[in-house]
Each structure stands twice: as C-alpha cells, then as structure tokens.
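Visitor: The structure is given below, and queries will be raised subsequently.
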Amino acid sequence: MTSQGKRSAPGPRVAVVGGGIGGLATAAFLHRAGIEATVYEQAPALTEVGAGLVVSPNAVRLLRSLGRLDRFRERAVPLRVGWEFRRWENGRVLFSQDLGEECERRFGEQSYVAHRADLLDAVRAAVPEPSLRLGMRLAGLHRMDEGVELTFTDGSREFADVVVGADGVHTTVGRYVAEAGAPRLSGICAWRCLVPAQLAPAFARRPVQTLWLGPDRHLVHYPISAGTQINIVAFGPAHGWTTESWSAEARIEDLRAEFAGWSDDLGALLAAAERVGRWALLDRDPLPRWTHGPVALLGDAAHPMFPFFAQGAAQAMEDAAVLAGCLGDRPEDPAAALRRYEDIRRPRATRVQQLSRGRAESNHLPDGPAQRARDASFANADPFAHNGWIYGHDAELAAREALTTP
C-alpha cells in the first residue's frame, strides 16, 4: 500500500495497524466488502501467544459470515455446560447452565472454547496473504490533505486513505485520536497455564466452563485444542506485579501458593501444570471518542476490558464487521463512515467494558453475608436472559439497520 503502488480495489485504501484477532477480522470484512486493506503487524511472525478463550455466539456468527466457521470447529470445543460456579474450599457446585442445543436455539449459534491461536488462524484464513505485512512497527502518523502517511521504525513509509488502530491497550494510533492517558494498574494480576488433558483430573476434561469462586480470587478452566489441553486462567491480587505482557513467565509455585487451601480437586489440577504465565491487568476509562477524521480505533485500542465477561475478542470482531459495513456504505467519505462506526459501536462496547470491570468485585467476595447472598442468588439465575443482549447480537444486522436510519 505504498503511495506509488497501484490501486487493486475501488474505494478507500485502509491500513490496519495490529495483526491480532481484531485487526485481521477488520481486514477480512473489508476485503469481503471489496475494500483494499493491508495489516501491519509489529511481530515477525504470528505465534501462539495467549492461551484459551470463550467464543460466544455473537462472535461465532461472524466467523460463519466470513465462511471460516468450519475451519474454526476443527480445533474448537463446543461447550455443553457454562457458568459452572464452584465454591473454593470444597468444589461444591453453586450453579451450572446447560448450553449445547439450548444456546443454539436461543441465539442461533453454539458457544465454544478454543486456543486463541486457533481463532486467529480461522480469521487469518479470510485475509489474502499479500495483505499481511509482518515485522512492521509503527513509529507515527502524519495527516495529509488526501490521507495519512504511516512511518515505521525500519524507515519505511506507507500511505492510506484510512488508518485503523487495532494495536491494543498500549496503542500508538490512539495518540492521534483521543487524549486517553496511560492505562493504569488495576491491582489484579492473572495467571495462565495449559495442562495436557491426559494429566488432568477427569472433571477438568469435560466440555464445561468451570469457575471457582473464593476470597480475593477466582479461577477458570476448560478444555481447548480439540480437547487435548486444559486451559487454566486465574485471577487474584497483584502483590506488586506490574509486568503487562502475555509472554512473561512466572513460577508455578507462586500460582499454587495463591490457591493453597482450596479444594483438593483444584489442587490436583494445578499440580499437573508445569509452566505458567503471569501478567498485570490494566484498566482504562472509556475513551471520549474512537475516531478522528480518517483514523479510527478498534478492539482493545478503543475499549480494553477485563476478561471477566469473556468478550474481548468478540467485541473486537463486532467492531471489525461494523467498521467494514460503514466504509462499504460510504466509501466516498471515509471520515463520515468512521463517525457512523463509532456511533453504532461505542455505546455497546462501553457497556460491556464497564460490566466486565464490575464483575471482579462479585467474583472475589470474602466469605460472609455478601458472599452467601451472592451464592443464594444463583438459585434463580438465568444467564441466558441476563446475557441475551450480548450473545444474541448480530453486529452486521445492527450496522445495516443503523445505516438505513436517517
């Protein structure tokens, strides 16, 4: 996408900064709409960074729309049970929700758990290979009369009509959109590890999303990678840990110590883990805006959220679908199209972002009256009803309806 290069498609040329799930989904939906898009990713290769994630119906229907659901299903695990809450000290099940056919009946798609790399692979398959440029770290942007010039740390320069920042919570593109300030430490850190399924206790191998709730901490596990691995992610006090990197490793002994005294069943699962990553959770208030002229933010660059609603990837994919729909509707006026994208997406993503932040307090209640009231409330819980506005959402349909409204 150089300033000297030939145009290969009508409409605006889009530079997407960041090759994660949101960035690749943006390129995929733009290409499907006939709009030229190039992804610039700073890493020299797309590797298996991260571990497991929940892929809820609102994201699954977008994979289907891209024609990549079959590829995703090759390695994803369909959930039979979700929200299996267990008490920390003895593993007593406080609540569980059958998913499977009921989830599909209500929302039109199933829920899955998968390795992040498998979701990334499925989305990447919808992006033409020449449209992905690796080893390209953005240095800065320069607004011009007819677009934006991007400069990279290797000295190269590219030109685009539109720039989409899908470059995460530490976004470089974001500096050109809104005064956000640096994200702040939340006081919570997360651990993640993978356990070979053959080494895990039988209860952890079930196609179930299990959440252990206890004072100041909670832990989630479920099978991924066609059931060959058990993904574990745990949350608790940061204890001064400030490293915010998915590649940072920690001592497995520290993770086990955090959950010492919890159920013996959970202890047996953690005993099978050998390596663990650890990172500090960052927090940031909702941005005042996501767009500025021909520059827009998307995914964590626009709305970083705690993982407690398991919606980070899904909301980024929704952003991508709506942004592509808006540019496809107004290709002659990219700035207006991006403003429409923000109008459609910001209220919903901000709501999810704020709810995700609030879930930490509920999950980490100390034993006592508030904890007992929370546990008692599970008896009348209906996660499908409470979360229907999330899982039943069709981002592409919402965009089409909004774009036909004067």
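The values are calculated or read from the model by the stated rules, or taken from the named source; none is laboratory data. Predicted model, so just to flag it, every value in this text is computed and none were measured. With ideal geometry, Cβ positions are generated from the backbone for all residues, glycine too; neighbour counts draw on all protein chains shown. Side chains included, ligands, DNA and RNA excluded: accessible areas come from the protein's heavy atoms. Shrake-Rupley method; radii C 1.70, N 1.55, O 1.52, S 1.80 Å.
Visitor: Accessible surface of Asp154 in the full protein assembly, 1.4 angstrom probe, to the nearest 10 Å²?
Guide: Accessible area of Asp154: about 100 Å².
Visitor: So, with a 1.4 angstrom probe, what is the percent of accessible area on the chain that is carbon and sulfur?
Guide: After summing per-atom areas, the C and S share lands at 48 percent.
Visitor: Arranged from highest to lowest average of other beta-carbon atoms within 10 Å per residue, in what order do the peptides 99-107, 361-369 appear? Don't skip to the end; give the middle numbers.
Guide: Numbers: 99-107: 16.1, 361-369: 13.1.
Packing proxy ranking, top to bottom: 99-107, 361-369.
Visitor: Between Glu129 and Arg256, what is the spin-label point distance in nm, taking each point 7 Å from the Cα along the Cα→C-beta axis?
Guide: So the label points at Glu129 and Arg256 sit 4.5 nm apart.
Visitor: Continuing with this model, one more query. Can you pull a Stokes-Einstein diffusion coefficient for the chain at 25 °C (0.890 mPa s), Rh from Kirkwood over Cα pairs, as a whole number of µm²/s?
Guide: Details: Rh = 21.8 Å.
After rounding, the answer is 112 µm²/s.
Visitor: So, one more: Of the peptides 220-229, 136-145, how do they stack up when ordered by the mean number of other Cβ atoms within 10 Å, highest first?
Guide: 220-229, 136-145
Visitor: Could you tell me the distance between the Cα centroids of the stretch 237-305 and the stretch 192-232, to the nearest Å?
Guide: 16
Visitor: Would you work out the charge dipole size for the chain about its Cα centre, treating the Cβ of every Lys and Arg as +1 and the Cβ of every Asp and Glu as -1, and quote it to the nearest 20 debye?
Guide: The calculation lands at about 180 debye.
Visitor: Further question on the same structure: Only Cα pairs within less than 10 Å get springs; with that Gaussian network setup on the chain, which residue of Val93, Val39, Val169 has the largest fluctuation?
Guide: Val93
Visitor: To continue, here is another question. Around Glu249, what is the net charge, scoring Lys/Arg as +1 and Asp/Glu as -1 over all other residues with Cβ under 9 Å from its Cβ?
Guide: Around Glu249, the charge tally is +3.
Visitor: Ok, one more. So what is the 222 nm mean residue ellipticity for the chain from helices alone, if each DSSP H run of at least 4 adds -39500 (n - 2.57) and you divide by all residues, rounding to the nearest 500 deg cm²/dmol? Before the final figure, lay out each step's value.
Guide: Working: 13 runs with 137 residues, N = 406.
Roughly -10000 deg cm²/dmol at 222 nm, from the helical runs in the chain.
Visitor: State in Å² the accessible area per residue of the chain; use a 1.4 Å probe, count heavy atoms of protein chains only, and round to the nearest integer. If you can, show how the numbers build up before the last one.
Guide: Details: 16910 Å² over 406 residues.
Averaged over the residues of the chain, the accessible area is 42 Å².
Visitor: Defining a contact as two alpha carbons under 8 Å apart and six or more residues distant in sequence, what relative contact order in percent does the chain show?
Guide: Worked out over the chain, it gives 21 percent.
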